[in-house]
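Colleague: Take a look at this one; I'll ask things after.
Nothing in this text is a laboratory measurement; each read-out follows from the coordinates by a stated rule. None of these values were measured; they are calculated from a predicted model. Every residue, glycine as well, gets a Cβ built from its backbone with ideal geometry; the counts of neighbours run over all protein chains shown.
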Amino acid sequence: MSNSIRFEKMQHLGNDFIVFWLRDLLPDYLDLFTQRWPNFLKLVQELCKSKYGVGGDGVIILFDYELVKAYNLNLFLAYFNNDHNAQIGFCLINSDGTLAQVSGNGVLCSIPVILTNLPGLKSPLSLVTVNRAIEIDFTNLAQAKVSLAIPEFKAKLIPVQTKLDQIYFTQLNFSGQEMIATCVNIGNPHCVVEIKDLDLNNYSQIDKLANLAKTIQSDSIFHDGVNVEFVKVVNEHELTMYVVERGVGPTLACGSGACACVVTMIRAGLVKDFAQVNMLGGKVKIEWLGKELDSVKIIGQAKKIFTGYIELNEFFAKL
């Protein structure tokens, strides 16, 4: 058994991930993805601890169809049901050990790792997550464009447990607190709340919003959890956003959350076609043409923090 396993520590706008190429884990750790998957989810929690592990908002596992077919890994073979011709599978596990559906920043962080392992790959790249196929245009490596998802506003498909067809600028009550919210699915569920005086430098306000987000996330209407975004419209091409992600907590940035805010405000007529979204971790450009079947696109460039090697058995000893 290999003594150390390679990983890449990647970040985009301060949203950071530990990225594994599955081939590096096989065959030595094959049982992690068959008999010991719950143990691996616990391992993710240890790895993501900043003081005791590598630190990160989550762990990403990248794999190709031929590899998972050769090892009969049904867990990952199911990803390719979305697209049998997809080149790469993308599995994201949050820092709390829960499986995520997608992450715009996570996908951007995967692109350099994929191109390092498959140097001859041509743009566009077809990538599959647990629930959808994603197209990535990396013709311009400095600004890769990810077609993340077709926005879904129907409540039952987000999902939101309600009798309403949509939650769109709707007044809701969360533990006695009234607010106007919009819910949308961008490959994962989001609850967007407009805060007209949002100030990312107002730490007292940010603390209150973090607590408010926890109240929203604990509500029973979000039985699959929800990402919460507080957003201010600066002008028709600029937004400011603060995010609290499900399974992670407050983060410096969220790609799908930025998408959720932009499509919400485009639909409301407050933003036109594209917008820069300012977050604690930096800014990102989001595009959406506003038509029913148009995919929302996130544009950015992830950066490698470092390449590292870890002794997995030492982490398992702590479980």
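Colleague: Using DSSP to define loop residues, name the trypsin sites (Lys or Arg not before Pro) in the stretch 110-190 whose beta-carbon has at most 15 other beta-carbon atoms within 10 Å.
Modeller: Lys122, Lys163
Colleague: Please determine, in degrees from 0 to 90 and to the nearest 10, the orientation of helix 203-217 with respect to the longest principal axis defined by the Cα atoms of the chain, where the helix direction is its Cα long axis.
Modeller: 80 degrees
Colleague: List, in the order given, every pair from Lys156/Lys297; Lys145/Lys232; Lys208/Lys304; Lys49/Lys196; Lys49/Lys303 whose Cα-Cα distance in the structure shown is over 29 Å. Intermediate values should be presented prior to the final figure.
Modeller: Values: Lys156/Lys297 23 Å; Lys145/Lys232 24 Å; Lys208/Lys304 33 Å; Lys49/Lys196 34 Å; Lys49/Lys303 20 Å.
Exceeds cut-off: Lys208/Lys304; Lys49/Lys196.
Colleague: Based on the inverse mean of 1/r over its pairs of different Cα atoms, what is the Kirkwood hydrodynamic radius of the stretch 96-183, in Å? Intermediate values should be presented prior to the final figure.
Modeller: Values: mean 1/r = 0.0632 Å⁻¹.
So the Kirkwood estimate lands at 15.8 Å.
Colleague: I would also like to ask the following. Pairing the Cα long axis of helix 37-47 with the longest principal axis of the chain, what angle in degrees results, from 0 to 90 and rounded to the nearest 10?
Modeller: That helix lies at roughly 70 degrees to the long axis.
Colleague: Determine, for each peptide in 70-81, 87-98, the mean count of other beta carbons within 10 angstrom over its residues, then list the peptides with the highest first. Spell out each step's value before the answer.
Modeller: Numbers: 70-81: 15.2, 87-98: 21.2.
Those peptides, ordered most packed to least, come out 87-98, 70-81.
Colleague: If you don't mind, there's one more thing I want to ask. Quick check: Cα centre of the stretch 35-93 to Cα centre of the stretch 273-289, how many Å?
Modeller: Value for the Cα centre distance between the two parts: 28 Å.
Colleague: Between 0 and 90 degrees, rounded to the nearest ten: what's the tilt of helix 104-117 against the longest Cα principal axis of the chain?
Modeller: Approximately 30 degrees, to the nearest ten.
Colleague: Also, I was wondering about something else. DSSP loop (so not H, G, I, E, B), at most 12 other Cβ within 10 Å: list which trypsin sites (Lys or Arg not before Pro) in the stretch 172-265 pass both filters. All intermediate terms of the calculation are to be shown ahead of the outcome.
Modeller: Working: sites: Lys196, Lys208, Lys214, Lys232, Arg246; in loops: Lys196, Arg246.
In loop regions of the stretch 172-265 (DSSP not H, G, I, E or B), the sparsely surrounded trypsin sites (Lys or Arg not before Pro) are Lys196.
Colleague: I've got another one for you. Which value, to two decimals, describes the C-alpha radius of gyration of the stretch 155-294 once divided by 2.2 N^0.38 Å?
Modeller: Working: Rg = 13.8 Å, N = 140, 2.2 N^0.38 = 14.4 Å.
Dividing the Cα radius of gyration by 2.2 N^0.38 Å gives 0.96.
Colleague: Say a paramagnetic label sat at a point 7 Å from the Cα of Phe306, along Cα to Cβ; which residues of the stretch 1-40 have their backbone N under 20 Å from it?
Modeller: Within reach of a label on Phe306, which here means backbone N under 20 Å from a point 7 Å along Cα→Cβ, the stretch 1-40 contributes 3-21.
Colleague: Right, another one. For the chain, what does the equivalent ellipsoid look like in terms of its semi-axes, each the square root of 5 times an eigenvalue of the Cα gyration tensor, given largest first in whole Å?
Modeller: Working: eigenvalues 205, 93, 70 Å².
Largest first, the chain gives 32, 22, 19 Å.
Colleague: Within a Cβ distance under 14 Å of Gly249, other residues only, what is the Lys/Arg minus Asp/Glu net charge?
Modeller: In short, -3.
Colleague: How about the stretch 154-192: which chymotrypsin sites (Phe, Trp or Tyr not before Pro) there lie in a loop by DSSP and see at most 14 other Cβ atoms within 10 Å?
Modeller: Hits after loop and neighbour filter: Phe169.
Colleague: Then there's this: From Cα pairs below 8 angstrom and at least 6 apart in sequence, can you work out the relative contact order of the chain, rounded to a whole percent? Provide the component values of the computation, followed by the final result.
Modeller: On the way: 709 pairs, mean separation 63.6, N = 319.
Averaging sequence separation for qualifying contacts and normalising by length gives 20 percent for the chain.
Colleague: On a C-alpha basis, how far is the centre of the stretch 251-270 from the centre of the stretch 183-205 in Å? Whole number, if you could?
Modeller: One Cα centre to the other: 9 Å.
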